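Here is the structure we will look at, set down as structure tokens.
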Amino acid sequence: ARLSELAKWSRDQGVVLSYHHHMGAMVQDAEDIDWLMEGADQALTLLYDTGHLHFAGTDPLAVLDKWAHRVHHVHFKDVRQPVLDWVHAEDRSFLDGVAAGVYSVPGDPEGGIDFQAITDRLKALDYDGWIVVEAEQDPAKAPPFECSKLGYDHIVDICTRSGLTIGS
């Protein structure tokens, strides 16, 4: 109720409030997102994050299909599956996974998320908001400029193939 109240107030001020589901937080997976979106006013939108969905064991396309009408912002982050498998097998924490390099940018050959399928779906839904390259990587192991450029170039390529308009 309080989050709905804040979202409505924010909307009335001209600012859209988007909730970011996140590993290690109260809202992580599809079930949590369903609970939040079903219980909150339509003024509350969703920040859709591919990497956190995959880490949570959730199909990113299924969440997009269900909550597309509430998606206001998108984070494209990839997951290195062998690292995620290690996190699960060893019962490690989210932060252990991040430190071990579980996340990467779109376009990384070690990543496993099908960003073309997600981008095609965003195009079909007429999404016209931001898509942010995100990685949550150790800058000593993954040079930030090179990684962000790889992610950006990959997003531009798949958006172009999907026909999704790219702003400046």
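The values are calculated or read from the model by the stated rules, or taken from the named source; none is laboratory data. Only a predicted model underlies this, so the values are computations on that prediction, with no experimental measurement involved. Ideal geometry is used to build each Cβ from the backbone, glycine not excepted, and the neighbour counts take in all protein chains shown. To get the accessible areas, we keep the full protein, side chains included, count just its heavy atoms, and leave off ligands, DNA and RNA. Shrake-Rupley method; radii C 1.70, N 1.55, O 1.52, S 1.80 Å.
How about segment 1-108: which helices (runs of 4 or more DSSP H) wholly inside it have at least 3 residues that are open to solvent by 30 Å² or more (accessible area, probe 1.4 Å)? Spell out the reasoning first.
Numbers: elements: 2-12, 30-39, 50-55, 60-67, 81-89, 94-99.
Helices (runs of 4 or more DSSP H) meeting the threshold: 2-12, 30-39, 60-67, 81-89, 94-99.
Kindly indicate whether L164 is open to solvent by less than 40 Å² (accessible area, probe 1.4 Å) and more than 28 Å from A25 (Cα to Cα).
Working: open to solvent by less than 40 Å² (accessible area, probe 1.4 Å): yes; more than 28 Å from A25 (Cα to Cα): yes.
Spelling it out, L164 is indeed open to solvent by less than 40 Å² (accessible area, probe 1.4 Å) and more than 28 Å from A25 (Cα to Cα).
Note down all Cβ pairs under 9 Å where the first residue falls in segment 148-164 and is touching a residue at least 24 places away in the same chain (Cβ under 8 Å), the second is open to solvent by 50 Å² or more (accessible area, probe 1.4 Å) and of a type in the set (A, V, I, L, M), and they're at least six residues apart or on different chains.
I155/I166; C159/I166; S162/A124
Inside segment 117-137, can you point out the residues that are part of a helix (DSSP H, G or I) and among the polar types (S, T, N, Q)? Full working, then the answer.
Residues of segment 117-137 that are part of a helix (DSSP H, G or I), as a first pass: 117-124.
T119, the sole residue that qualifies.
Is there a residue being open to solvent by less than 60 Å² (accessible area, probe 1.4 Å), hydrophobic (A, V, I, L, M, F, W, C) and closer than 17 Å to H73 by Cα anywhere in segment 135-152? Break it down stepwise before answering.
So the first thing to find is which residues in segment 135-152 are open to solvent by less than 60 Å² (accessible area, probe 1.4 Å), and the list is 135-137, 142, 147-148, 151.
Those left that are additionally hydrophobic (A, V, I, L, M, F, W, C): 135, 142, 147.
Still in the list and also closer than 17 Å to H73 by Cα: 135.
Within segment 135-152 (the criterion being open to solvent by less than 60 Å² (accessible area, probe 1.4 Å), hydrophobic (A, V, I, L, M, F, W, C) and closer than 17 Å to H73 by Cα), the answer is yes, since at least one residue qualifies.
Look at D138 and say whether it is within 18 Å of V71 (Cα to Cα) and not hydrophobic (A, V, I, L, M, F, W, C).
On the way: within 18 Å of V71 (Cα to Cα): no; not hydrophobic (A, V, I, L, M, F, W, C): yes.
Considered against the rule, which asks whether it is within 18 Å of V71 (Cα to Cα) and not hydrophobic (A, V, I, L, M, F, W, C), D138 comes out as no.
Pairs under 8 Å by beta carbon, first residue within 16 Å of G39 (Cα to Cα) in segment 1-28, partner among the hydroxyl-bearing types (S, T, Y) and at pLDDT 95 or above, six or more apart or different chains?
L3/Y19; A7/T45; L17/S10; L17/T45; S18/T45; Y19/T45; V27/Y19
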